[in-house]
Amino acid sequence: MRARRPLAAANWKMHLLRADAERYCAALRAGLPAAPAAEVVLFPSFPLLPPVAAALGGAPVAWGGQDLHAAEKGAHTGDVAGAQLADAGCTWVLCGHSERRRDHGEGDAAVAAKVAAAVRDGLQPLLCLGETREERHAGQTFAVLERQLREGLASRPERFAVAYEPVWAIGTGETATPELAAEAHAFLRGQLAALGFPAAAVRILYGGSVTPENAGELAAREEIDGFLVGGASLDPGRFLDIISRLGA
Ligand code: 13P
């Protein structure tokens, strides 16, 4: 019996068109048991949220935004407010994905503001963090994780999850070994406790080249509470396979 309900999250990134999303959701619905062991969440691009919501109504699947702006509303062309995501039925939002940190220069303070905004707007933040290859080679992994976690949670959210996504494992086919991932997760859980969060209840997901082939041995580690899946989540059959590795 797992200590925490596992969470299987699909980050579609900038992929799929409306018809693909509709076919995907139909396949996901058909393949999931009525009460899956894992909580299942999809993170589609913003224009796909309404068709995904329509296709998933009543299914045991939630959906969320890949990002949000920290402000409630205002003159921020191209950005999305948490209230708009909630209005589209989102219950989750990614904060601080490494592709946002890299492509949009989001630092820890910006990520912290997004986590706070998510909570304000009724969304559960999924705080993403992880070291780069250079940071790992320089022996800075734990310092980076400690800082990203502490600063990202500065607003002290009550309900949130964390995704450990080593940047060197994202989209590279180079998955962290179960030992290495478990070590980082155990470190993060220790830091959550040190910061005064109810660490035993917080889900820490692993992300970075998760596939049906490696999900089983990762999921076997009690420190790993689920997955944030990119590439392999674009195929509903492969995502269903990964979900099933988290419990029947
Ligand atoms: P990949 O599974 O494609 O490596 O992506 C991981 C990721 O960034 C999920 O957020």
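The values are calculated or read from the model by the stated rules, or taken from the named source; none is laboratory data. The model shown is predicted, which means the values in this text are computed figures rather than measured ones. Cβ: placed from backbone, ideal geometry, glycine included. Neighbour counts: every protein chain shown. Heavy atoms of the whole protein, side chains included, go into the accessibility calculation; ligands, DNA and RNA do not. Shrake-Rupley method; radii C 1.70, N 1.55, O 1.52, S 1.80 Å.
Filtering the range 105-136 to residues that are more than 28 Å from Ala54 (Cα to Cα) and within 15 Å of the ligand (Cβ to nearest atom) leaves Glu106, Val111, Leu129, Gly130, Glu131, Thr132, Arg133. Of the residues making up the range 103-123, those that are without any contact (Cβ under 8 Å) to a residue 40 or more places away in the chain and farther than 19 Å from Arg150 by Cβ are Asp103, His104, Gly105. Across the range 214-229, the number of residues qualifying as open to solvent by less than 50 Å² (accessible area, probe 1.4 Å) and in contact with a Pro (Cβ under 8 Å, 6 or more places away or on another chain) comes to 5. Set side by side, the residues Val41, Val52 differ, and just one is touching a Pro at 6+ places or on another chain (Cβ under 7 Å) and surrounded by 23 or more Cβ atoms within 10 Å (Cβ to Cβ), which is Val52.
When Ala199 is tested against (1) over 30 Å from Asp87 (Cβ atoms); (2) under 18 Å from the mean Cα position of the chain (by Cα); (3) open to solvent by 20 Å² or more (accessible area, probe 1.4 Å), only condition (3) is not met.
Which of the following residues is within 24 Å of Val41 (Cα to Cα), buried (at least 17 other Cβ atoms within 10 Å of the Cβ) and in contact with an Asp or Glu (Cβ under 7 Å, 6 or more places away or on another chain): Pro166, Pro157?
Pro166
Per-residue answers, yes or no, for (1) within 16 Å of the ligand (Cβ to nearest atom); (2) of a type in the set (Lys, Arg); (3) surrounded by fewer than 22 Cβ atoms within 10 Å (Cβ to Cβ); (4) within 18 Å of the chain's Cα centre (by Cα):
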{"site": "Glu183", "(1), (2), (3), (4)": "no, no, yes, no"}
{"site": "Leu205", "(1), (2), (3), (4)": "yes, no, no, yes"}
{"site": "Gly208", "(1), (2), (3), (4)": "yes, no, no, yes"}
{"site": "Pro212", "(1), (2), (3), (4)": "yes, no, yes, yes"}
{"site": "Gly231", "(1), (2), (3), (4)": "yes, no, yes, yes"}
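Within the range 214-229, being more than 9 Å from the ligand (Cβ to nearest atom) and touching a residue at least 60 places away in the same chain (Cβ under 8 Å) holds for Ala219, Glu222, Asp225, Gly226.
Per the listing Ala220, Ala176, the residue uniquely among the aliphatic types (A, V, I, L, M) and modelled with pLDDT of 95 or more is Ala220.
Considering the conditions (1) open to solvent by 10 Å² or more (accessible area, probe 1.4 Å); (2) assigned to a helix (DSSP H, G or I); (3) of a type outside the set (Asp, Glu), Arg2 is excluded by exactly one of them, (2). A count restricted to the range 76-104 and to residues that are assigned to a loop (DSSP other than H, G, I, E, B), over 12 Å from Gly65 (Cβ atoms) and within 16 Å of the ligand (Cβ to nearest atom) stands at 1. Considering (1) within 16 Å of the ligand (Cβ to nearest atom); (2) closer than 26 Å to Glu106 by Cα, the lone condition that Arg156 does not fulfil carries the number (1). Every condition in (1) open to solvent by 10 Å² or more (accessible area, probe 1.4 Å); (2) under 24 Å from Glu151 (Cβ atoms) holds for Val61 except the one numbered (2). Contact map, the range 231-248: first residue within 19 Å of Gly171 (Cβ to Cβ), second residue part of a helix (DSSP H, G or I) and open to solvent by 30 Å² or more (accessible area, probe 1.4 Å), Cβ cut-off under 8 Å, separation 6 or more or different chains; pairs are Ala232/Arg238.
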